[in-house]
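Asks: Quick one: the structure is below, and I'll ask about it shortly.
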Amino acid sequence: MVSTKPYLIRAIYEWCVDQGFTPYLAVQVDQLTQVPSGYVREGQIVLNVGPEATHQLKIDNELVTFQARFNGVAHQIVAPIGNVLAIYARENGQGIAFEATGAQEDMPVGKASGSAEESAEPPDEHPPPSSPPRGSHLKVIK
């Protein structure tokens, strides 16, 4: 049976965009997570996944993939759904938190591909927080 987690992530993402909010994704970094290592803090990274900050964003049932610029340098980002810790709106912290379950053993490797030429640069005036906001409005899904 497919987990509800990717469906909930897509729903909160769509809600954020529809409301004009900036969706942030908190991710546990491991050997299957492809992110710029200089932005990882305590084994986690917070990513701006808004339409202006990403190119070719895809949230499927196994991976979150997109292209983005960090300090002007284009990067291909790959995060297993099992490593997503939270998705929330930057502006008000509303969203949903998850327990990290890690990547599935049988997850296909190398699924992400494409060019980073047209990646959108995330705005520098609001750097992502080091971790998702803590509050009672987030619920852990097991």
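The values are calculated or read from the model by the stated rules, or taken from the named source; none is laboratory data. A quick note: this is a predicted structure, and the numbers were derived from the prediction, not measured. Note that we place each Cβ from the backbone using ideal geometry, even for glycine, and neighbour counts take in every protein chain shown.
Asks: Suppose we filter 45, 9 for residues that are within 13 Å of the chain's Cα centre (by Cα) and part of a helix (DSSP H, G or I); which single one remains?
Replies: 9
Asks: Quick one: residue 107 ticks every box in (1) modelled with pLDDT under 80; (2) touching a Lys or Arg at 6+ places or on another chain (Cβ under 6 Å) bar one, so which box is it?
Replies: Answer for residue 107: the failing condition is (2).
Asks: Any idea which residue in the stretch 83-100 is nearest to residue 47 (Cα to Cα), counting only those that are modelled with pLDDT of 80 or more and in a loop (DSSP other than H, G, I, E, B)?
Replies: 90
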